[in-house]
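Bear in mind that the values in this text are calculations on the coordinates, not laboratory data. Treat the numbers as computed from the prediction; the structure is a model and nothing was measured. We place every Cβ from the backbone using ideal geometry, glycine too, and count neighbours over all the protein chains shown.
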Amino acid sequence: MFHRTLISCLALMLMTGLAGADTVEVMLKGHDEPLTGFLRQISDARFLLQGDNVYHEFPGNQIVTVDGKEGIPKSAQGDGRLIFSSFYEKILPDGNVEAWSHNQITNDGIKILTGTDWGAAAWEEEQIRSMEVYDTFQNRLPVRIVPKKGGTFRVEVDFIVPVAPRESLGLTLKTIRKGAARPKGDAWSYTFNVGFNEDRYLTRKIELPPGAEIQETYAGSRPVEIQGRQIILSQRYYPAGTTDPLRVIYKQP
């Protein structure tokens, strides 16, 4: 018998331990003073510490004390989930944004998987109707939108290549965010509002239109130039409930 699997959002890549959002003082090996920030376990053996001017990733054996106590507190190990998301956002000269996300579907059961599905809110419908989905083998996959009560709906994606038990399949999703970048005086502004209902580790790569110049960007991001293209790169942890407009302002030629 063939079955479908479920993913919870467009950009789901990996789920692991989630912790509370309290800041702590962490003493790391090789440091003279403790560092203050959110301590999070991001894999079986790796942690991150993030504060206003602090960002470190390190194995757990580098932690000497947390708030003056030896050992790693349960609050850092978590009992929920941390979602890893990766976006490539290409801003077009007209203000539309071509957004790509990468996902990994893993078959942890004993049934063969022939598809996946997830729920979506009413405001996402226009974006999802423009969505294209590709698998690891560069097949474009069929997509269906199934209405539900209250204006929500379910998105169903059929696989062309089935996923066997203990096997994984990569999915690439492409959507168009219409008019997401808007004129602001003699410049343009593109804002992505962080408002996740679960802890999120977000990696973003934002490509500006040809010839554009960065005027302003958000904390933790850095520009990278590749073959004449301006790309803003950021990796950041956002605790559930964070409200932080990630704004990029740029000028076009």
| Distant-in-sequence amide H partners of Asp244 (H built 1.01 Å from N, under 5 Å) | Val194
| Sequence-separation-based contact order of the chain, relative, with Cα cut under 8 Å and 6+ spacing, percent | 19 percent
| task | Return the long-range amide H neighbours of Ile112 (sequence gap of 5 or more, or a different chain), with a cut-off of under 5 Å between placed amide H atoms. | result | His3
| query | Which aspartates and glutamates does Lys111 reach when only Cα atoms under 20 Å apart count, and residues fewer than 8 places away in its own chain are ignored? | reply | Asp135, Glu156, Asp158, Glu167
| query | GNM on the chain, C-alpha springs below 10 Å: top fluctuator among Tyr237, Tyr88, Tyr218? | reply | Tyr218
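What's the magnitude of the charge dipole for the chain around its Cα centre, counting Lys and Arg as +1 and Asp and Glu as -1 at the beta-carbon? Answer in Debye, nearest 20.
The calculation lands at about 700 debye.
At a Förster radius of 25 Å, what calculated FRET efficiency corresponds to the Cβ-Cβ distance of Leu92 and Ser43, to the nearest 0.05? Each step should come with its number before you reach the end.
Details: r = 35 Å, r/R0 = 1.42.
About 0.10, to the nearest 0.05.
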| field | Built amide H within the under 5 Å cut-off of Gln104, gap 5+ | value | Leu171
| Applying 1/(1 + (r/R0)^6) with R0 = 45 Å to the Cβ-Cβ distance of Val161 and Thr36, what FRET efficiency is obtained, to the nearest 0.05? | 0.40
| task | Give me the Debye-computed log₁₀ of I(q)/I(0) at q = 0.10, 0.11 Å⁻¹ for the chain, equal point scatterers on Cα only, no solvent, two decimals. | result | -0.60, -0.72
| said: Under 16 Å between alpha carbons, and skipping anything fewer than 8 positions from Lys174 in its own chain: which lysines qualify? | reply: Lys90, Lys205
| request: Based on the mean of other Cβ atoms within 10 Å per residue, sort peptides 170-177, 56-63, 201-208 so the most packed one is first. | output: 201-208, 170-177, 56-63
| message | Cβ neighbours within 10 Å, averaged per peptide: list 187-199, 119-131, 37-49 in order, most packed at the top. | response | 37-49, 187-199, 119-131
| task | Quick one: among Gly150, Gly115, Gly51, which has the greatest mean-square fluctuation in a GNM of the chain with alpha-carbon springs under 10 angstrom? | result | Gly150
| query | Ranking Lys148, Lys251 by Cβ neighbours within 10 Å, fewest first, what do you get? | reply | Lys148, Lys251
| query | What full-extension length gain, to one decimal in nm, is calculated for Ile110 and Glu225 as 0.36 nm per residue of separation minus the Cα-Cα distance? | reply | 36.8 nm
| said: Can you work out the Karplus-derived ³J(HN,Hα) for every residue in the stretch 247-253? Use 6.51 cos²θ - 1.76 cosθ + 1.60 with θ = phi - 60°, whole Hz, and x for glycine or proline. | reply: 10, 10, 10, 8, 10, 9, x
